[in-house]
Amino acid sequence: MHKILITNDDGITTDGIVRLAKTAQKFGEVVVVAPEQQCSAMSHRITLREPIELWPHDFPVAGVKAYATTGTPADCVRFGLLNVVPDADVVFTGINFGFNSGTDIQYSATVGSALEASSVGVHAIAFSEGMNGCHEVTDAYLEQIMGELIDRKLEYDQVWNVNFPQCKLAEFQGILENRSVAHNAFYHDSYEETHLPNGRIRLDMAGEYYEDGAPGTDVHAIINGYISIGIVNNLK
């Protein structure tokens, strides 16, 4: 049986981390160390110049020890593996609210915290799904995917990146492995400028959503109703 550390970037009270921890219990002992609040798009950020607080947190899965923190997701993995669960041999991150695919991966704290585990030689898997609230494919296949990847070896500084499509189970097309990272994301980002009276310019993020991805990529798999499984490399 495995000793599993779980974190996320959406916060310890979110539905995704609860579903992930509940399924992970089938593979070993689970400890959750997660941010107390939303930490999306923090990538691999860690806290350097201020202390981090940690405290026990009520968690709605019996048998799971859980701790909330003021740290980032990568912090949770760093001190989680050093101070809380030093004998953990697997790290799961997610289930993220929103896909982590294509060029968005470079901003993802879900993937970034998994990469933190890989940098110290701990096996890690990042799990993500769409934002439309449809969990049918995730809930039907999470245990199977987890079981297939939990002992499937990776090279140093690599993590498994899994994205579940947000389609209904009846529309699900299957599982595609060895997906490469698409060279695009789901949004063309832009910033709207507002000129302020003090001479400053306020920038508000905007963007146009579109679905496109080259065959063989993670984005292409997701938009066509497939589970996407691929490897993300750190520092390579």
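The values are calculated or read from the model by the stated rules, or taken from the named source; none is laboratory data. Nothing here was measured: the structure is a model prediction, and the numbers come from that model. Virtual Cβ from ideal backbone geometry, glycine too; neighbours counted across all protein chains shown.
Out of the residues in region 183-202 that are touching an Asp or Glu at 6+ places or on another chain (Cβ under 6 Å) and in contact (Cβ under 8 Å) with a residue 12 or more places away in the chain, which is farthest from Ser108 (Cα to Cα)?
Step one: list which residues in region 183-202 are touching an Asp or Glu at 6+ places or on another chain (Cβ under 6 Å), which gives 185, 188, 192, 201.
Pick out the ones that are also in contact (Cβ under 8 Å) with a residue 12 or more places away in the chain and you get 185, 188, 192.
Values: Ala185: 12, His188: 17, Glu192: 23 Å.
This residue is Glu192.
Selection of region 128-154 for residues being in contact with a helix residue (DSSP H, G or I) (Cβ under 8 Å, 6 or more places away or on another chain), closer than 13 Å to Ser228 by Cβ and at pLDDT 95 or above yields Ser128, Glu129, Val137, Thr138. A Cβ distance below 9 Å, combined with a sequence gap of six or more or placement on separate chains, defines the contacts here; from region 208-234, residues that are farther than 30 Å from Tyr156 by Cβ reach residues that are among the hydrophobic types (A, V, I, L, M, F, W, C) and part of a loop (DSSP other than H, G, I, E, B) in the pairs Tyr209/Phe186; Tyr210/Phe186; Glu211/Phe186; Asp212/Ala182; Asp212/Phe186; Ile223/Phe186; Gly225/Cys167; Gly225/Phe172. Within region 2-20, the set of residues being on the phi < 0 side of the Ramachandran plot and surrounded by fewer than 24 Cβ atoms within 10 Å (Cβ to Cβ) comprises His2, Lys3, Asp10, Ile12, Thr13, Thr14, Asp15, Gly16, Val18, Arg19.
Determine if region 52-59 includes at least one residue that is within 14 Å of the chain's Cα centre (by Cα), modelled with pLDDT of 95 or more, under 17 Å from Gly16 (Cβ atoms) and not hydroxyl-bearing (Ser, Thr, Tyr).
no
Apart from one condition, Lys3 fits all of (1) touching a strand residue (DSSP E or B) at 6+ places or on another chain (Cβ under 9 Å); (2) more than 18 Å from Thr110 (Cα to Cα); (3) in contact (Cβ under 8 Å) with a residue 24 or more places away in the chain; (4) not in a strand (DSSP E or B); the exception is (4).
Residue selection: Asp151 fails the criterion of being in a strand (DSSP E or B) and either touching a Lys or Arg at 6+ places or on another chain (Cβ under 6 Å) or surrounded by fewer than 21 Cβ atoms within 10 Å (Cβ to Cβ) (or both). If you filter region 18-57 down to residues that are of a type in the set (D, E, K, R) and either touching a Leu at 6+ places or on another chain (Cβ under 8 Å) or in contact (Cβ under 8 Å) with a residue 12 or more places away in the chain (or both), you find that the one that is farthest from Asn96 (Cα to Cα) is Glu53. For region 78-104, which positions are touching a Gly at 6+ places or on another chain (Cβ under 9 Å), of a type in the set (A, V, I, L, M, F, W, C) and closer than 19 Å to Leu20 by Cβ? Within region 78-104, Ala88, Val90, Val91, Ile95, Phe97, Phe99 qualify. Among the residues of region 11-50, those identified as modelled with pLDDT under 95 and touching a Gly at 6+ places or on another chain (Cβ under 6 Å) are Gln37, Gln38, Ser43, His44, Thr47.
Do we find that Gly102 is farther than 24 Å from Gln25 by Cβ, under 14 Å from the mean Cα position of the chain (by Cα) and free of Cβ contacts under 8 Å to residues at least 60 places away in the same chain in this structure?
Values: farther than 24 Å from Gln25 by Cβ: yes; under 14 Å from the mean Cα position of the chain (by Cα): yes; free of Cβ contacts under 8 Å to residues at least 60 places away in the same chain: no.
For Gly102, the condition - farther than 24 Å from Gln25 by Cβ, under 14 Å from the mean Cα position of the chain (by Cα) and free of Cβ contacts under 8 Å to residues at least 60 places away in the same chain - is not met.
All of Met146, Met131, Met205 fail the test of being over 21 Å from the mean Cα position of the chain (by Cα) and among the hydrophobic types (A, V, I, L, M, F, W, C), apart from Met205.
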